[in-house]
1. Does any residue of region 53-66 turn out to be surrounded by 10 or more Cβ atoms within 10 Å (Cβ to Cβ), in the same structural domain as Lys107 (by TED's automatic domain parsing), within 22 Å of the chain's Cα centre (by Cα) and free of Cβ contacts under 8 Å to residues at least 60 places away in the same chain?
2. Ala36 is checked against (1) in the same structural domain as Glu115 (by TED's automatic domain parsing); (2) in a helix (DSSP H, G or I); (3) aliphatic (A, V, I, L, M) and fails just one. What number does that condition carry?
3. Quick check on my filter: what residues within region 39-66 are in a loop (DSSP other than H, G, I, E, B) and aliphatic (A, V, I, L, M)?
4. Restricting attention to region 80-95, does a residue exist that is in contact (Cβ under 8 Å) with a residue 24 or more places away in the chain and in contact with a Ser or Thr (Cβ under 7 Å, 6 or more places away or on another chain)?
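The values are calculated or read from the model by the stated rules, or taken from the named source; none is laboratory data. Note that this is a predicted model, so its numbers are computed, not measured. Note: ideal-geometry Cβ built from the backbone for every residue, glycine included; neighbour counts use all protein chains shown.
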Amino acid sequence: HSLSAQHSAMLTALHALQSETAQLEALEGALLSNSASLNSSLASADALIKRAPQMTPPSIDDLLVAPTVVANQLYEAVAEERALGDTIFVLGRAVEKGRVAPQTFVKVTRGLAREWWLKKVLVRKCARGLGLDDGSGWGRETGRA
């Protein structure tokens, strides 16, 4: 009976080894394919690096132009929104240093803050239109965004 048990155990081990061998062969195939793809990509990158010094750099406008009208509107709105925020900050500093009267600061800042908020709403609206909304719901309280 002992030989029968050993035979059965050996057959089970053999099947396990054959299964593992098949899995390893499949893995080897995938690794060889991935390795070939990686080597090809590295060769392309090396060739591009060698050619790069002779290539004409692209125009900065080509790199910074938005791919769609809405994306361009988003770029501009974000730039304007940040500029307004910076302006309010600088005005605050000017008041602290006594270069701008507090009454003038309040009057100007109120208008800038209103415009800043509207830009933020526009940025949010454009972002939602491009599928970039983070789901936080900012700007929805107005009913217009």
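1. Yes.
2. Looking at each condition in turn, Ala36 falls short on (1).
3. Once the filter is applied, which keeps residues that are in a loop (DSSP other than H, G, I, E, B) and aliphatic (A, V, I, L, M), region 39-66 yields Met55, Val65, Ala66.
4. Taking every residue of region 80-95 in turn, at least one turns out to be in contact (Cβ under 8 Å) with a residue 24 or more places away in the chain and in contact with a Ser or Thr (Cβ under 7 Å, 6 or more places away or on another chain).
Matching residues to (1) in a helix (DSSP H, G or I); (2) closer than 27 Å to Asp62 by Cα; (3) modelled with pLDDT under 95:
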position	(1), (2), (3)
Arg82	yes, yes, no
Arg93	yes, no, no
Glu115	yes, no, no
Val121	yes, no, yes
